[in-house]
Structures are given as C-alpha cells and as structure tokens.
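Values in this text are rule-based calculations from the coordinates and carry no lab data. Keep in mind that this is a model prediction, so the values were computed, not measured. Positions of Cβ are backbone-derived with ideal geometry, glycine not excepted, and every protein chain shown enters the neighbour counts.
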Amino acid sequence: MYEFIEGEITELNPTFVVLRTGGTGFLIAISLNTYTALHGKKEALVYTHFVVREDAHLLYGFAGKPERELFRNLLSVNGVGAATALMMLSSLSPDEIMTAIAAENVTLLKSVKGIGIKTAQRIIIDLKDKVAKGAPSEQILVPESNTSRNEALSALVMLGFGRKEAETALARVCRENPEAGVETMIKLTLKRL
C-alpha cells in the first residue's frame, strides 16, 4: 500500500523511527541495519511494508529495497512473523542472511534470538531458490571459521555494540587468534571495545 515514506526524522532509536511528512508523524518499526543507515540524518526516505492485523496497523521500514525484499521473503516462511524477521535483520546483515541461506548454514540462522533449528531449516528450504540468486557470490563458499566469527559478531550486536565497531575489533581478534572459538572471540573482542 505504501511504497515509501520520505520526511524529517523527528525521533530515531534502534527499534523505530518517526518520520514527519505532510503534517503527519509516521511511527515505523526498523531493524538495526536501517537504524545504522539513518543515524545522524535529519531527513530520510524509508521503504515500507504495511501490515494490517486485527488489533493493529503496523509500518515496517527499511533503508533499501533489498532489505525490504528479504523481510518479505522471510515473512513468507511458515512460523516467521514480522517481529522474528525484524530480529533477524537486526542480528545479521541482509548479505549474511542470504549467504547463510545459500550455504545452508543452519548454525548461523539459529544463533538469532527466537530462531530454533526447525525454523532455521524451514527458512533454508523455503528461501534457498529465491535468495541464492541475490546472495553475494564471493561469500557463498563460506569457510567454517566464518561461522564462529558470524556467531561472535551477532552476539556482540545483541549486546548493544555497533555493527561496524564490533566488526573492526572482531577482525583484529580473528587475525591474531585464527583458531579461537566463539566464546574466546567474544571475550577478546569485548576487551577491545
């Protein structure tokens, strides 16, 4: 129904943005990826997905069309609702999700809060053909060590650290300790943040 909303950012936090346009303020739920893209801006264009429920009319917003398309694909999976899809997009980047689906990386998908092994498997089965076309080709063949790194990054983001800051610190830790496990990576990275 609404393709996008463009306007002045009157309020922004990691879970929602309020855009004022035409004298109306729109409360739009967003992912951490979108929050990062909007942070520091006074105006924004947000691509939207409108959900009508019996008890509410909800707007979900995304900084770009690819993230919105992935959100819609996730919603098409039985057992994945809007809150779960948004949690996935807040824990992992769209590229990480697409790569995990293409590489059938159940471990990375189930590392997201609210995603169990059965849901992760269902996401892979339902979306592998749709998402494989859009997955970054250089990342489809993910070495096993990247799984631990991705899990550590996801945990750091869930702890409240910025994705870019955490990625930079984690990259240094991984270079210095290539054989480190997930827990070790997180502990060493926390010392640098």
Quick check on region 4-62: take the gyration tensor over C-alpha atoms, sort the square-rooted eigenvalues as a ≥ b ≥ c, and tell me if it's rounded (a/c under 1.5), prolate or oblate. oblate
How many percent of the alpha carbon pairs in region 144-192 exceed a separation of 15 Å? 27
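Given Cα pairs under 8 Å that are at least 6 residues apart, what percent is the relative contact order of the chain? Spell out each step's value before the answer.
Values: 273 pairs, mean separation 25.2, N = 193.
Over the chain, the number comes to 13 percent.
Under a Cβ-only charge scheme (Lys and Arg +1, Asp and Glu -1), can you give me the dipole magnitude of region 144-192 about the Cα centre, in debye to the nearest 20? Kindly include the intermediate steps, with their values, before the conclusion.
Working: 8 positive and 7 negative charges, 51 e Å.
Dipole size: approximately 240 debye.
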Starting from the Cα of Lys118, draw a straight line to each of the lysines and keep only those under 22 Å, dropping any in the same chain fewer than 8 residues away. Lys110, Lys128, Lys130
For the chain, longest principal axis from Cα atoms; helix 117-132 axis from its Cα atoms; angle between them, nearest 10 degrees, is 70
Show which lysines lie in cross-link reach of Lys164 when reach means a straight Cα distance below 17 angstrom and same-chain residues fewer than eight apart are skipped. Lys191
In nm, to one decimal, how far is the Leu58 label point from the Lys113 one, both placed 7 Å along Cα→Cβ? 1.5
Rounded to 10°, Cα long-axis angle of helix 65-75 versus longest principal axis of the chain: 80
With viscosity set to 1.306 mPa s at 10 °C, what whole-number translational diffusion coefficient in µm²/s follows for the chain from Stokes-Einstein and a Kirkwood radius over Cα pairs? 91
Which one of Glu54, Glu165, Glu11 has the biggest mean-square fluctuation once the chain is modelled by GNM with Cα springs under 10 Å? Glu54
Average Cα contact separation per residue, region 4-62, under 8 Å, 6 or more apart, as relative contact order %: 33
What does the charge count near Ser154 come to, summing +1 for each Lys or Arg and -1 for each Asp or Glu among other residues with Cβ under 15 Å from its Cβ? -1
Say R0 is 45 Å: what FRET efficiency, to the nearest 0.05, do Thr10 and Arg192 get from their beta-carbon distance? 0.80
What FRET efficiency, computed as 1/(1 + (r/R0)^6) with R0 = 41 Å and r the Cβ-Cβ distance, is obtained for Glu3 and Ala171, rounded to the nearest 0.05? 0.65
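Taking only DSSP H segments of four or more residues, each worth -39500 (n - 2.57), what value at 222 nm results for the chain once the sum is divided by all its residues, to the nearest 500 deg cm²/dmol? Intermediate values should be presented prior to the final figure.
Working: 9 runs with 98 residues, N = 193.
Here the helix-only value at 222 nm equals -15500 deg cm²/dmol.
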Sparse-neighbourhood loop hits (trypsin sites (Lys or Arg not before Pro), region 1-105; DSSP loop; Cβ within 10 Å at most 16 others) -> Lys41, Lys42, Arg53
If each residue of separation counts as 0.36 nm, what is the full-extension length gain between Glu179 and His39 once their alpha-carbon separation is subtracted? 46.9 nm
Extension gain (nm, one decimal) between Lys164 and Lys65, 0.36 nm per residue minus Cα-Cα: 33.5 nm
What do you get for the angle between helix 144-158 and the principal long axis of the chain? Use alpha-carbon atoms, 0 to 90 degrees, nearest ten. 40
